[in-house]
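Undergrad: The structure under discussion is supplied below as structure tokens; questions concerning it will follow.
Here, each number is a calculation from the coordinates, and none is a lab measurement. Computed from a prediction, not measured in an experiment: that's the story for all the values here. Virtual Cβ from ideal backbone geometry, glycine too; neighbours counted across all protein chains shown.
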């Protein structure tokens, strides 16, 4: 799903500024989404229509979010958190457990909140990296000293926080695996 979603995102507006042809991006998106939506779950979907609903919603989200359909109404921070945070957790839980329990809902809430934090930190960093020609200025402190404002000074703390969040998720994953196997 990730390859298809990123191909659609690049097809719509070129946020990564790649030189991949539009045709190649379309082939990647269609192939990835069709494979993910079709082959992997065909046998299980025959027995469980709920799984088929998850697959259909996932494919819809990937297309609607990344191509900013419906005037971009599904392409904002709340939708990012739900589509790329909560929904995959619920889908994976349902695929494994064949039900949704309260702990899955809380895990999905965790993933949505984590995705929201990631989005809030990464959006200004992407602005500076991708769309800013120059950064100038300084911060004047009460003691009279100054701190220059640079692209690095604007992005360094957010990037550090993003790396810390990534490490925290790995630590949580290891803890959950150890909880399960010990």
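Undergrad: State the three equivalent ellipsoid semi-axes of segment 49-108, derived from the C-alpha gyration tensor as the square roots of 5 times its eigenvalues, in descending order and whole Å. Walk me through the intermediate numbers first.
TA: Working: eigenvalues 104, 37, 8 Å².
Ellipsoid semi-axes (Å, largest first): 23, 14, 6.
Undergrad: Right, here's the next one. Say we join alpha carbon atoms closer than 10 Å with springs in a Gaussian network model of the chain; which of 87, 70, 106 then has the biggest fluctuation?
TA: The residue that fluctuates most here is 70.
Undergrad: Post the alpha-carbon centroid distance, segment 125-182 to segment 44-118, in whole angstrom.
TA: 26 Å
Undergrad: Then there is this: Over the Cα atoms of segment 40-182, what radius of gyration and what Dmax do you get, in Å?
TA: Cα only, segment 40-182: 20.3, 71 Å (Rg, Dmax).
Undergrad: With r defined as the distance between the Cβ atoms of residue 120 and residue 179 and R0 fixed at 22 Å, what FRET efficiency is calculated, to the nearest 0.05? If you can, show how the numbers build up before the last one.
TA: Values: r = 29 Å, r/R0 = 1.33.
Calculated transfer efficiency: 0.15.
Undergrad: Relative to the longest principal axis of the chain, what angle (0 to 90°, nearest 10) does the C-alpha long axis of helix 102-131 take?
TA: For 102-131 against the chain, the angle is about 40 degrees.
Undergrad: Right, something else. Can you give the relative contact order of segment 56-132 as a percent, counting alpha carbon pairs under 8 Å and 6+ residues apart?
TA: Details: 54 pairs, mean separation 22.0, N = 77.
In percent, rounded to a whole number, it is 29.
Undergrad: Fewest first, what order do 103, 159 take by the number of other Cβ atoms within 10 Å?
TA: On the way: 103 10, 159 14.
Listing 103, 159 from fewest to most nearby Cβ atoms yields 103, 159.
Undergrad: Write down, largest first, the equivalent ellipsoid semi-axes of segment 118-171 in whole Å, where each equals the square root of 5 times an eigenvalue of the alpha-carbon gyration tensor. Could the numbers behind the result be given before it?
TA: Working: eigenvalues 131, 51, 9 Å².
Taking √(5λ) for each eigenvalue gives 26, 16, 7 Å, largest first.
Undergrad: Any chance you could run the full-extension gain for residue 171 through residue 3? It's 0.36 nm times the residue separation minus the Cα-Cα distance, nm to one decimal.
TA: Numbers: separation 168, 0.36 × 168 = 60.48 nm, distance 2.56 nm.
Here the segment from residue 171 to residue 3 would lengthen by 57.9 nm.
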